[in-house]
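*Asks:* Right, I'll just put the structure down here and ask away after.
Bear in mind that the values in this text are calculations on the coordinates, not laboratory data. Since the structure is predicted, the reported quantities are computational estimates derived from the model, not experimental observations. Note: ideal-geometry Cβ built from the backbone for every residue, glycine included; neighbour counts use all protein chains shown.
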Amino acid sequence: MWKRIALLWTLVRGDARQLWFALRHPAAPGWLKLGTAMIALYLISPIDLIPDALPLIGVVDDLVLVPMAIRWLLKRLPADIARAAAERRTR
């Protein structure tokens with residue numbers, strides 16, 4: 001189980017970095033900024049799909065939905081921005 005969590009953390013960290021670099025790209029589209037702001041708002045918002053008061057299950061929705069949303073945004077990036085962000089991430 002801990003190996004899976006470590007792998008998930010590595011993937012999320014890499015995707016979050018790529019999203020950060022894509023946001024800082026001069027040609028970043030407005031929808032990318034809005035989508036990232038919505039993800040951040042979901043993380044800090046007290047309103048969740050599944051309340052955090054439920055042990056384990058309440059946290060799992062954040063651990064699943066946020067990486068999925070980040071990956072969804074990254075898949076919709078224009079090719080030149082995605083390539084530039086991927087190159088910056090690997091440095």
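*Asks:* Any chance you could run the full-extension gain for residue 63 through residue 33? It's 0.36 nm times the residue separation minus the Cα-Cα distance, nm to one decimal.
*Replies:* Gain in length upon complete extension: 8.7 nm.
*Asks:* A further question on this structure: Using label points projected 7 Å from each Cα along Cα→Cβ, tell me how many nm separate residue 88 and residue 56, to one decimal.
*Replies:* 4.0 nm
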